[in-house]
Amino acid sequence: MEVSALEIIELSLLFGIPAIVVMLISYIVTVCISWAKQKRIVYVFHWVDLFTPFLVTTIWCLVQAHSVNAKSMGNLAEIGILGLGWGCLFVIRCWRSYSGERPPTLKLLLVECVVSALVALFSPTFPE
């Protein structure tokens, strides 16, 4: 099974939409807390955030394409779940930035990529 670049871009929306929702909510909460406590507002977004949906979706698709067990279209939900995972990792970044620590953005990207491959390999086939 071959996956085209257009399909990866389209599937990246399944990743990006849940991730963006969680990221915006967590950033708004962080900004509100910073205003309330009169702390400096930290900009947490990174260029990696633009690149992540395409990278994670590509890894997921490549593992799917080359795995022994074929999965159904129901497994596309995995991409959205991975997007929610990236949003949750963003919450960690917001918390670490608010605490004055440097967020480990690239390490969290590596975690997301490894989780993407593991989900693609070991997640059972969902019913259609």
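Only the coordinates and a few stated rules stand behind these numbers; no lab work does. Just so it is clear, the model here is predicted, and its values are computed rather than measured. No Cβ is skipped: glycine too gets one built from the backbone with ideal geometry, and neighbour counts run over all protein chains shown.
Between LEU6 and ALA117, what is the FRET efficiency for a Förster distance of 25 Å, r being their Cβ-Cβ separation, to the nearest 0.05?
0.65
Could you work out how far the C-alpha centroid of the stretch 10-34 sits from that of the stretch 41-62, in angstrom?
12 Å
Which of the peptides 89-96, 104-111 is most tightly packed, and how do the rest follow, going by the mean number of other Cβ atoms within 10 Å of each residue?
Sorting 89-96, 104-111 by mean packing, highest first, produces 89-96, 104-111.
Treat each spin label as a single point 7 Å out from the Cα along the C-beta direction, and report the TRP95 to ILE41 distance in nm.
Calculated label separation equals 2.3 nm.
Using a Förster radius of 25 Å, what is the FRET efficiency between LEU106 and LEU76 based on their Cβ-Cβ separation? Nearest 0.05, please.
Given R0 = 25 Å and the Cβ-Cβ separation, E is 0.40.
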